[in-house]
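K.L.:
Before I ask anything, let me first share the structure, which is written out below as structure tokens.
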Amino acid sequence: MMRLTIKTPPTVLAVDPALVRDHLRIEIGPEDYLVENYIRAATALLDGWTGILGRALMPQTWVMTLGGFPSGCITIPLGPVASIVAVRYRDATGTWQTVAPGDYEASLGDVSAELRAPAGWPGAGDWLDAVEVEFVAGDGCPDAVRVAIMFMVAAIFDGRQGDDMLTPAAATMIAPHRVRRV
């Protein structure tokens, strides 16, 4: 069993609201809160484990929970992984322990990351949530995705009816950045 949970969402918007206002040709004013909400909504549709892109855009902290340590590598299926915060496990008594960073190696990648313990992983107890890997994913929004988000915001801003904001132009822009899982 594997579960991914966001611990700390991005603190910065994927697209600067000023760029979106310029794109929409609107001035700073009472609709600013709408622009920011539309940016968040468009980004949420694309971003993260359940987003269309299947990848993290802006830096955010995630926790991957496993039922135990695998016999080999731990694969983190959400990228790009910027850093590993901690690897924790519950021992036989249920007490959380932290694996020392020197006891495992990390291979960080754009699509996924792998953790390997050359001397083997420690013995985790028999718990459904026996192992947690906390990591930071996301290294910035690619320019094409940023433009697609602006297209999506424009579609919802102009329509204001909840029409499909993933326009054909936006879909074309994001296609090369989508992670395909088997």
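The values are calculated or read from the model by the stated rules, or taken from the named source; none is laboratory data. Note that this is a predicted model, so its numbers are computed, not measured. Cβ coordinates were reconstructed from backbone atoms using ideal geometry, including for glycine residues, and neighbour counts include every protein chain displayed. To get the accessible areas, we keep the full protein, side chains included, count just its heavy atoms, and leave off ligands, DNA and RNA. Shrake-Rupley method; radii C 1.70, N 1.55, O 1.52, S 1.80 Å.
K.L.:
Restricting attention to segment 33-45, report how many residues are in contact with a Pro (Cβ under 8 Å, 6 or more places away or on another chain) and surrounded by fewer than 20 Cβ atoms within 10 Å (Cβ to Cβ).
P.N.:
Qualifying residue count, segment 33-45: 1.
K.L.:
Looking at segment 57-74, which of its residues are over 16 Å from Ala106 (Cβ atoms) and either open to solvent by 30 Å² or more (accessible area, probe 1.4 Å) or part of a loop (DSSP other than H, G, I, E, B) (or both)?
P.N.:
Matches in segment 57-74: Leu57, Met58, Pro59, Gly67, Gly68, Ser71.
K.L.:
OK, next. Considering only residues that are open to solvent by less than 70 Å² (accessible area, probe 1.4 Å), part of a strand (DSSP E or B) and not hydrophobic (A, V, I, L, M, F, W, C), which ones fall in segment 103-119?
P.N.:
Across segment 103-119, there are no qualifying residues.
For (1) buried (at least 20 other Cβ atoms within 10 Å of the Cβ); (2) in contact (Cβ under 8 Å) with a residue 60 or more places away in the chain; (3) out of contact with any Lys or Arg (no Cβ under 7 Å at 6 or more places or on another chain), each residue gets a yes or a no:
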position	(1), (2), (3)
Gly138	yes, yes, yes
Phe151	yes, no, yes
Phe157	no, yes, yes
Ala170	yes, no, yes
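K.L.:
A further question on this structure: I'd like to know if segment 19-26 contains one or more residues that are modelled with pLDDT of 95 or more and assigned to a loop (DSSP other than H, G, I, E, B).
P.N.:
no
K.L.:
Would you check if Gly48 is out of contact with any Pro (no Cβ under 6 Å at 6 or more places or on another chain), without any contact (Cβ under 8 Å) to a residue 12 or more places away in the chain and open to solvent by less than 40 Å² (accessible area, probe 1.4 Å)?
P.N.:
Criteria not met by Gly48.
K.L.:
Right, here's the next one. Does segment 55-67 contain any residue that is without any contact (Cβ under 8 Å) to a residue 24 or more places away in the chain and at negative phi?
P.N.:
The answer is no, given that none of the residues of segment 55-67 is without any contact (Cβ under 8 Å) to a residue 24 or more places away in the chain and at negative phi.
K.L.:
How many residues are part of a loop (DSSP other than H, G, I, E, B) and closer than 23 Å to Arg178 by Cα if we restrict to segment 80-102?
P.N.:
Of the residues in segment 80-102, 1 are part of a loop (DSSP other than H, G, I, E, B) and closer than 23 Å to Arg178 by Cα.
K.L.:
Under 7 Å between Cβ atoms, at least 6 apart or on separate chains: pull out the pairs that start in segment 89-102 with a residue that is surrounded by 10 or more Cβ atoms within 10 Å (Cβ to Cβ) and acidic (Asp, Glu) and end on any residue that is outside any loop (DSSP other than H, G, I, E, B) and modelled with pLDDT of 95 or more.
P.N.:
Filtered contacts from segment 89-102: Asp91/Gln97.
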